[in-house]
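Report on the following structure.
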Amino acid sequence: MFWSRRKSAGVYWLAAVTIITLAHANAGATEFRFDRDTFAFANQTVFEYHEGHPSLRKPSTVRRDAYKRHCFVLCRTAMQFKKFARFDARGAPLDDASLAERVRLVTHRDPWADPLPEDQRIVFPGYNDLREMSKTRRELVQKSIGHGWPSYFRISNMRMVFQQSGTYQKETHDRLNAALARGKVFVVFLTTYPRLSINHSVLIYKQNGFSPNPGLERYLVYDPNHPESPRELSWSPHTRTFSYQKDWDFVGGFVRVYQVYGQPMQ
């Protein structure tokens, strides 16, 4: 009986230690919020769109319109800031050189790595969140997070040619749900190859609880082309296909979805 009590006490003690350890591991791991964890500026499309159909864009003299081809970069960086950075609004904002260096410290970390503990994160003083900092220091942030053109030469882009089946899309859907269940975000490449109606990256961060169609699963996404509000991606178990929301830059409907930044070479 005495041994049994000692064993039970040991089990309870181990369980308590496990709970405390998990609590520390999850410290600072908060839900991704669109109004806090995304960029305030937009990625400009290369083409001009009318009801989702592309045409040549008229030249612009506005400097901010030159920020194009950065959808992959913005999604990747949003995920990296969520994992590796924290903000301290009470501190004084950094000068340009110091801020650019800290941004690069975040973006040079592997995006698929585990989140850093709160006390090891890269600190950005003077701002409440990424949204505020990217609004106030827009041009510096744009220059510091990386070039957009390498996304066209990603090795993993070839999946759109060789992995088009509904089975592969079902596997992607399962990985998406598993990632969201663990409190992670899920960055994806959207394409309609061999059609060219969309060639884009978005960040999926939450399941949308309400659906007028019980046969669909709906997800909220951060789309770098639309910093004003979340967009929606849906999954049909019946057809094993994804669909993306209609807007000025996409006709809406069927897309293939491929995870990116989930592991090396992806």
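What are the residues in region 92-125 that are among the hydroxyl-bearing types (S, T, Y) and open to solvent by 40 Å² or more (accessible area, probe 1.4 Å), if any?
The answer is S98, and nothing else.
Condition check ((1) farther than 28 Å from V257 by Cα; (2) without any contact (Cβ under 8 Å) to a residue 60 or more places away in the chain) across all residues:
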| residue | (1), (2) |
| --- | --- |
| R121 | yes, no |
| Y127 | yes, yes |
| R137 | yes, yes |
| H147 | no, no |
| R159 | no, no |
| F162 | no, yes |
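Of the residues that make up region 17-38, is at least one at pLDDT below 95, basic (K, R) and in contact with a helix residue (DSSP H, G or I) (Cβ under 7 Å, 6 or more places away or on another chain)?
No, every residue in region 17-38 fails to be at pLDDT below 95, basic (K, R) and in contact with a helix residue (DSSP H, G or I) (Cβ under 7 Å, 6 or more places away or on another chain).
The values are calculated or read from the model by the stated rules, or taken from the named source; none is laboratory data. Since we're looking at a predicted model, the values are computed, not measured. FYI the Cβ positions are ideal-geometry reconstructions off the backbone, even for glycines, and counts take in every protein chain you see. Ligands, DNA and RNA are stripped out before the accessible areas are found, and what is left, the full protein with its side chains, is counted by its heavy atoms. Shrake-Rupley method; radii C 1.70, N 1.55, O 1.52, S 1.80 Å.
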